[in-house]
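Notes to accompany the following structure.
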Amino acid sequence: MALKSKDLLGMKQLTSDEIMEILDTAKTMKMVITSGNKKTSHLQGKAVITLFYENSTRTRTSFEMASKYMGSSSANISSSGSSVAKGESLLDTVRTLDAMGTDIIIMRHNQSGAPHSIANKINASVVNAGDGMNEHPTQALLDMLTMYERFDTFEGKKIAICGDCYHSRVVRSNAIGLAKLGAEVSVYGPRTMMPIGIEQMGVRVADSVADCVKDADAVMGLRVQLERQNSALFPSVAEYSKFYAITPEMLQLAKPDAFLMHPGPCNHGVELPTAVYDCDQSVINEQVTNGVAVRMAVLYLLMARRNNL
(Lines give C-alpha, C1' and ligand atoms only; values in the text may rest on other atoms or scores of the structure.)
Protein backbone atom coordinates (compact mmCIF):
# COMPACT_ATOMS: atom_id res chain seq x y z
CA MET A 1 0.00 0.00 0.00
CA ALA A 2 2.15 2.83 -1.30
CA LEU A 3 2.50 5.08 -4.34
CA LYS A 4 5.24 4.41 -6.89
CA SER A 5 6.57 7.97 -6.87
CA LYS A 6 7.74 9.92 -3.83
CA ASP A 7 5.61 12.84 -5.06
CA LEU A 8 2.04 13.45 -6.20
CA LEU A 9 2.38 16.00 -8.97
CA GLY A 10 -0.59 15.24 -11.20
CA MET A 11 -3.10 12.70 -12.43
CA LYS A 12 -0.85 12.04 -15.43
CA GLN A 13 1.64 10.17 -13.26
CA LEU A 14 -0.93 7.93 -11.55
CA THR A 15 -1.98 4.55 -12.92
CA SER A 16 -5.61 3.45 -12.71
CA ASP A 17 -4.59 1.01 -9.96
CA GLU A 18 -2.97 3.82 -7.95
CA ILE A 19 -6.07 5.99 -8.33
CA MET A 20 -8.25 3.17 -7.01
CA GLU A 21 -5.79 2.53 -4.17
CA ILE A 22 -6.12 6.18 -3.11
CA LEU A 23 -9.93 6.05 -3.35
CA ASP A 24 -10.17 2.82 -1.33
CA THR A 25 -7.82 4.22 1.30
CA ALA A 26 -9.83 7.45 1.41
CA LYS A 27 -13.00 5.49 2.17
CA THR A 28 -11.29 4.14 5.28
CA MET A 29 -10.00 7.60 6.22
CA LYS A 30 -13.50 9.00 5.93
CA MET A 31 -14.55 6.68 8.75
CA VAL A 32 -11.98 8.48 10.94
CA ILE A 33 -13.39 11.89 10.03
CA THR A 34 -16.94 10.88 10.83
CA SER A 35 -16.00 9.14 14.09
CA GLY A 36 -16.11 10.71 17.53
CA ASN A 37 -12.32 10.63 17.84
CA LYS A 38 -10.70 12.18 14.77
CA LYS A 39 -7.15 11.07 15.52
CA THR A 40 -4.76 8.44 14.18
CA SER A 41 -1.02 7.90 14.57
CA HIS A 42 -0.23 7.30 10.90
CA LEU A 43 1.94 10.44 10.68
CA GLN A 44 3.19 10.45 14.25
CA GLY A 45 6.69 11.91 14.36
CA LYS A 46 6.46 13.24 10.77
CA ALA A 47 6.59 16.84 9.58
CA VAL A 48 4.19 18.29 6.99
CA ILE A 49 4.34 21.86 5.63
CA THR A 50 1.78 23.64 3.46
CA LEU A 51 3.43 26.22 1.17
CA PHE A 52 0.80 28.32 -0.59
CA TYR A 53 1.61 31.06 -3.11
CA GLU A 54 -2.11 31.49 -3.90
CA ASN A 55 -5.14 32.02 -1.70
CA SER A 56 -7.16 29.00 -0.65
CA THR A 57 -9.77 27.97 1.90
CA ARG A 58 -10.86 24.41 1.12
CA THR A 59 -7.63 22.92 -0.17
CA ARG A 60 -5.30 24.45 2.37
CA THR A 61 -7.52 23.86 5.39
CA SER A 62 -8.34 20.29 4.39
CA PHE A 63 -4.64 19.45 4.02
CA GLU A 64 -3.98 21.01 7.41
CA MET A 65 -6.82 19.07 9.03
CA ALA A 66 -5.74 15.85 7.27
CA SER A 67 -2.19 16.10 8.59
CA LYS A 68 -3.35 16.99 12.12
CA TYR A 69 -5.93 14.19 12.23
CA MET A 70 -3.07 11.81 11.44
CA GLY A 71 -0.79 13.13 14.18
CA SER A 72 1.89 15.00 12.26
CA SER A 73 3.80 18.11 13.26
CA SER A 74 2.65 20.74 10.79
CA ALA A 75 3.39 24.31 9.75
CA ASN A 76 1.76 26.70 7.31
CA ILE A 77 3.61 29.16 5.10
CA SER A 78 2.19 31.80 2.78
CA SER A 79 4.26 33.80 0.32
CA SER A 80 3.20 37.11 1.90
CA GLY A 81 4.38 36.08 5.34
CA SER A 82 7.69 34.49 4.40
CA SER A 83 11.06 35.37 2.87
CA VAL A 84 9.41 35.07 -0.54
CA ALA A 85 8.27 38.65 0.09
CA LYS A 86 11.96 39.54 0.38
CA GLY A 87 12.74 38.02 -2.99
CA GLU A 88 13.71 34.48 -2.00
CA SER A 89 13.37 32.02 -4.88
CA LEU A 90 11.07 29.02 -4.79
CA LEU A 91 14.02 26.64 -4.93
CA ASP A 92 15.79 28.33 -2.02
CA THR A 93 12.56 28.27 -0.01
CA VAL A 94 11.91 24.55 -0.47
CA ARG A 95 15.56 23.66 0.10
CA THR A 96 15.38 25.55 3.39
CA LEU A 97 12.25 23.62 4.41
CA ASP A 98 13.85 20.37 3.29
CA ALA A 99 16.91 21.06 5.45
CA MET A 100 14.61 21.38 8.47
CA GLY A 101 13.69 17.70 8.18
CA THR A 102 10.32 18.17 6.46
CA ASP A 103 8.79 14.93 5.20
CA ILE A 104 6.03 16.30 2.95
CA ILE A 105 5.66 19.74 1.33
CA ILE A 106 2.18 20.55 0.02
CA MET A 107 2.50 23.35 -2.50
CA ARG A 108 0.13 25.60 -4.43
CA HIS A 109 1.72 27.93 -6.96
CA ASN A 110 0.44 30.30 -9.63
CA GLN A 111 2.94 28.98 -12.19
CA SER A 112 2.17 25.78 -14.07
CA GLY A 113 4.85 23.17 -13.49
CA ALA A 114 6.26 24.77 -10.32
CA PRO A 115 5.91 21.61 -8.15
CA HIS A 116 7.50 19.51 -10.89
CA SER A 117 10.50 21.85 -11.07
CA ILE A 118 11.48 21.35 -7.43
CA ALA A 119 10.36 17.79 -6.67
CA ASN A 120 13.58 16.11 -7.85
CA LYS A 121 15.77 18.67 -6.09
CA ILE A 122 14.70 17.89 -2.52
CA ASN A 123 14.30 14.81 -0.35
CA ALA A 124 10.82 15.72 0.92
CA SER A 125 7.77 14.45 -0.92
CA VAL A 126 5.95 17.16 -2.88
CA VAL A 127 2.17 17.24 -3.25
CA ASN A 128 0.74 19.48 -5.94
CA ALA A 129 -2.16 21.43 -4.42
CA GLY A 130 -2.75 23.28 -7.69
CA ASP A 131 -0.21 24.72 -10.14
CA GLY A 132 -1.36 27.58 -12.34
CA MET A 133 -3.77 26.34 -15.01
CA ASN A 134 -2.16 22.90 -15.17
CA GLU A 135 -3.44 20.38 -12.61
CA HIS A 136 -5.13 19.97 -9.24
CA PRO A 137 -4.84 16.23 -8.60
CA THR A 138 -6.29 15.99 -5.09
CA GLN A 139 -9.40 17.94 -6.18
CA ALA A 140 -9.96 15.43 -8.98
CA LEU A 141 -9.41 12.57 -6.53
CA LEU A 142 -12.00 13.93 -4.08
CA ASP A 143 -14.41 14.40 -6.98
CA MET A 144 -13.80 10.79 -7.97
CA LEU A 145 -14.29 9.62 -4.38
CA THR A 146 -17.67 11.37 -4.35
CA MET A 147 -18.58 9.50 -7.53
CA TYR A 148 -17.08 6.21 -6.31
CA GLU A 149 -19.37 6.23 -3.29
CA ARG A 150 -22.31 6.15 -5.71
CA PHE A 151 -20.94 4.11 -8.64
CA ASP A 152 -20.01 0.45 -8.52
CA THR A 153 -17.75 1.17 -11.50
CA PHE A 154 -16.55 4.19 -13.47
CA GLU A 155 -16.66 2.25 -16.73
CA GLY A 156 -19.15 3.85 -19.11
CA LYS A 157 -20.38 6.46 -16.62
CA LYS A 158 -21.20 9.81 -18.22
CA ILE A 159 -19.73 12.86 -16.51
CA ALA A 160 -20.70 16.39 -17.61
CA ILE A 161 -18.46 19.35 -16.76
CA CYS A 162 -19.64 22.87 -17.63
CA GLY A 163 -18.00 26.26 -17.16
CA ASP A 164 -14.63 27.98 -17.45
CA CYS A 165 -12.62 25.07 -18.83
CA TYR A 166 -9.76 27.23 -20.11
CA HIS A 167 -8.56 28.40 -16.69
CA SER A 168 -9.59 25.28 -14.79
CA ARG A 169 -6.89 22.92 -13.53
CA VAL A 170 -9.77 20.90 -12.05
CA VAL A 171 -11.18 19.97 -15.46
CA ARG A 172 -7.74 18.87 -16.66
CA SER A 173 -7.10 16.59 -13.70
CA ASN A 174 -10.62 15.16 -13.83
CA ALA A 175 -10.45 14.57 -17.58
CA ILE A 176 -7.17 12.68 -17.24
CA GLY A 177 -8.17 10.65 -14.19
CA LEU A 178 -11.70 9.77 -15.26
CA ALA A 179 -10.51 8.69 -18.71
CA LYS A 180 -8.06 6.28 -17.06
CA LEU A 181 -10.96 4.75 -15.13
CA GLY A 182 -13.15 4.33 -18.22
CA ALA A 183 -15.65 7.16 -17.70
CA GLU A 184 -17.03 9.23 -20.59
CA VAL A 185 -16.44 12.94 -19.99
CA SER A 186 -18.23 15.75 -21.83
CA VAL A 187 -17.29 19.41 -21.38
CA TYR A 188 -18.94 22.67 -22.37
CA GLY A 189 -18.30 26.38 -21.95
CA PRO A 190 -17.83 29.52 -24.01
CA ARG A 191 -15.55 28.86 -26.99
CA THR A 192 -13.27 31.61 -25.70
CA MET A 193 -12.91 29.62 -22.48
CA MET A 194 -12.29 26.19 -23.99
CA PRO A 195 -8.66 24.96 -24.24
CA ILE A 196 -7.49 24.19 -27.76
CA GLY A 197 -6.97 20.46 -28.15
CA ILE A 198 -8.85 19.47 -24.99
CA GLU A 199 -10.25 16.54 -26.96
CA GLN A 200 -6.77 15.00 -26.79
CA MET A 201 -7.40 14.41 -23.08
CA GLY A 202 -10.13 11.96 -24.08
CA VAL A 203 -13.13 14.23 -23.54
CA ARG A 204 -16.00 15.25 -25.82
CA VAL A 205 -16.69 18.94 -26.41
CA ALA A 206 -20.48 19.38 -26.33
CA ASP A 207 -22.48 21.86 -28.39
CA SER A 208 -24.52 23.28 -25.50
CA VAL A 209 -25.20 22.88 -21.80
CA ALA A 210 -28.18 20.70 -22.68
CA ASP A 211 -26.06 18.51 -24.94
CA CYS A 212 -23.39 18.19 -22.26
CA VAL A 213 -25.75 17.38 -19.40
CA LYS A 214 -28.21 15.08 -21.21
CA ASP A 215 -28.27 11.59 -19.64
CA ALA A 216 -25.26 12.36 -17.44
CA ASP A 217 -24.63 10.34 -14.29
CA ALA A 218 -22.89 13.28 -12.62
CA VAL A 219 -22.86 17.00 -13.44
CA MET A 220 -20.11 19.40 -12.38
CA GLY A 221 -20.09 23.18 -12.60
CA LEU A 222 -16.83 25.13 -12.81
CA ARG A 223 -16.19 28.56 -11.37
CA VAL A 224 -15.64 31.47 -13.74
CA GLN A 225 -12.09 32.46 -12.76
CA LEU A 226 -12.17 36.21 -13.29
CA GLU A 227 -8.88 36.64 -11.40
CA ARG A 228 -6.99 34.78 -14.15
CA GLN A 229 -8.45 36.82 -17.01
CA ASN A 230 -6.51 39.72 -18.45
CA SER A 231 -9.34 40.57 -20.81
CA ALA A 232 -13.05 39.87 -20.95
CA LEU A 233 -13.75 36.46 -22.49
CA PHE A 234 -17.55 36.87 -22.44
CA PRO A 235 -19.76 39.97 -22.83
CA SER A 236 -21.26 40.06 -19.32
CA VAL A 237 -22.01 38.01 -16.24
CA ALA A 238 -25.71 38.20 -17.06
CA GLU A 239 -25.13 36.76 -20.53
CA TYR A 240 -22.88 34.04 -19.16
CA SER A 241 -25.57 33.06 -16.66
CA LYS A 242 -28.21 32.99 -19.39
CA PHE A 243 -26.35 30.76 -21.83
CA TYR A 244 -23.88 28.72 -19.77
CA ALA A 245 -25.30 28.25 -16.25
CA ILE A 246 -26.53 24.87 -15.01
CA THR A 247 -30.15 25.78 -14.31
CA PRO A 248 -32.82 23.52 -12.77
CA GLU A 249 -34.13 22.92 -16.29
CA MET A 250 -30.70 21.81 -17.50
CA LEU A 251 -30.16 19.56 -14.48
CA GLN A 252 -33.42 17.76 -15.23
CA LEU A 253 -31.89 16.57 -18.51
CA ALA A 254 -29.42 14.40 -16.60
CA LYS A 255 -30.36 10.95 -15.35
CA PRO A 256 -32.95 10.91 -12.53
CA ASP A 257 -30.35 9.78 -9.97
CA ALA A 258 -27.64 12.16 -11.19
CA PHE A 259 -25.92 14.41 -8.66
CA LEU A 260 -24.45 17.90 -8.83
CA MET A 261 -20.84 18.80 -7.99
CA HIS A 262 -18.74 21.97 -7.84
CA PRO A 263 -15.10 22.39 -6.76
CA GLY A 264 -15.81 25.69 -5.01
CA PRO A 265 -15.87 28.50 -4.36
CA CYS A 266 -19.03 29.13 -6.35
CA ASN A 267 -20.12 32.35 -8.01
CA HIS A 268 -23.80 32.12 -7.08
CA GLY A 269 -26.03 33.23 -9.91
CA VAL A 270 -23.27 32.85 -12.49
CA GLU A 271 -22.30 29.21 -13.12
CA LEU A 272 -25.00 27.95 -10.75
CA PRO A 273 -28.18 29.57 -9.40
CA THR A 274 -28.33 29.30 -5.62
CA ALA A 275 -31.42 27.10 -5.97
CA VAL A 276 -29.32 24.54 -7.87
CA TYR A 277 -26.35 24.84 -5.51
CA ASP A 278 -28.64 23.96 -2.58
CA CYS A 279 -30.86 21.44 -4.36
CA ASP A 280 -31.39 17.87 -3.17
CA GLN A 281 -29.09 16.56 -5.91
CA SER A 282 -26.18 18.70 -4.71
CA VAL A 283 -23.26 16.88 -3.05
CA ILE A 284 -21.04 19.96 -2.86
CA ASN A 285 -20.69 19.94 0.91
CA GLU A 286 -19.95 16.21 0.83
CA GLN A 287 -17.10 16.96 -1.57
CA VAL A 288 -15.53 19.09 1.15
CA THR A 289 -15.62 16.18 3.62
CA ASN A 290 -14.23 13.87 0.96
CA GLY A 291 -11.42 16.37 0.36
CA VAL A 292 -10.10 15.75 3.85
CA ALA A 293 -10.42 11.97 3.43
CA VAL A 294 -8.58 11.97 0.09
CA ARG A 295 -5.78 14.15 1.41
CA MET A 296 -5.40 11.88 4.43
CA ALA A 297 -5.13 8.95 2.03
CA VAL A 298 -2.52 10.70 -0.13
CA LEU A 299 -0.38 11.64 2.88
CA TYR A 300 -0.68 8.11 4.26
CA LEU A 301 0.32 6.41 1.00
CA LEU A 302 3.21 8.80 0.36
CA MET A 303 4.50 8.22 3.87
CA ALA A 304 4.11 4.46 3.42
CA ARG A 305 6.44 4.69 0.44
CA ARG A 306 8.95 6.79 2.38
CA ASN A 307 8.88 4.31 5.28
CA ASN A 308 9.54 1.38 2.93
CA LEU A 309 12.64 2.91 1.33
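What is the Cα convex hull volume of the range 176-309 when expressed per residue in Å³?
Working: hull volume 20.3 nm³, N = 134.
Normalising the Cα hull of the range 176-309 by residue number yields 151 Å³.
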Whole number in Å², please: accessible area per residue of the chain, 1.4 Å probe, ligands, DNA and RNA not counted. 42
Eigenvalues of the alpha-carbon gyration tensor of the range 150-227, times 5 and square-rooted, give semi-axes in Å, largest first, of 20, 13, 11
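Please work out whether the chain counts as rounded, prolate or oblate from its C-alpha gyration tensor, where a ≥ b ≥ c are the square roots of the eigenvalues and a/c under 1.5 means rounded, while otherwise a/b larger than b/c means prolate and anything else oblate? Write out the running numbers ahead of the final one.
Working: a/c = 1.88, a/b = 1.44, b/c = 1.31.
Prolate is the answer for the chain, as a/c is 1.5 or above and a/b outweighs b/c.
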In terms of the alpha carbon gyration tensor, root eigenvalues a ≥ b ≥ c, rounded if a/c is under 1.5 and otherwise prolate when a/b exceeds b/c or oblate, the range 42-92 is oblate
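Would you mind telling me the antiparallel percentage of the DSSP bridges in the chain, rounded to 5? The partial results should precede the final answer.
Details: 1 of 34 bridges.
The antiparallel proportion sits near 5 percent.
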Spatially proximal lysines relative to LYS158 (Cα-Cα < 18 Å; intrachain offsets below 8 disregarded): LYS180, LYS214, LYS255
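State to the nearest 20 debye the size of the charge dipole of the range 27-125 about its Cα centre, where the only charges are +1 on K and R beta carbons and -1 on D and E beta carbons. Before the final figure, lay out each step's value.
Values: 12 positive and 6 negative charges, 94 e Å.
The dipole of the range 27-125 has a size of about 460 debye.
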Here the net charge surrounding VAL294, from other residues whose Cβ is less than 15 Å away from its Cβ (Lys, Arg +1; Asp, Glu -1), is -3
For ILE106, list long-range residues whose amide hydrogen, built 1.01 Å from N in the peptide plane, is under 5 Å from its own amide hydrogen. ILE49, THR50, LEU51, VAL127
Using the Kirkwood radius built from alpha carbon pairs, what does the Stokes-Einstein equation give as D for the range 1-122 at 25 °C and 0.890 mPa s, in µm² per second? 155
Per the 1.4 Å probe, what fraction of the accessible area of the chain, in percent, lies on carbon and sulfur atoms? 48
So if I take the alpha carbon set of the range 88-187, get Rg, then get Rh from the Kirkwood formula, what is the Rg over Rh ratio? 1.08
note: the range 240-285, Cα-Cα separations exceeding 16 Å make up a percent value of 29
Between the range 33-75 and the range 127-200, the Cα center-to-center distance that results, in Å: 25
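The values are calculated or read from the model by the stated rules, or taken from the named source; none is laboratory data. None of the values given here were measured: they were computed from a predicted structure. Neighbour counts run over all protein chains shown; Cβ positions are idealised from the backbone, glycine included. The protein model used for the area step is the full one, side chains on, heavy atoms only, and it has no ligands, DNA or RNA in it. Shrake-Rupley method; radii C 1.70, N 1.55, O 1.52, S 1.80 Å.
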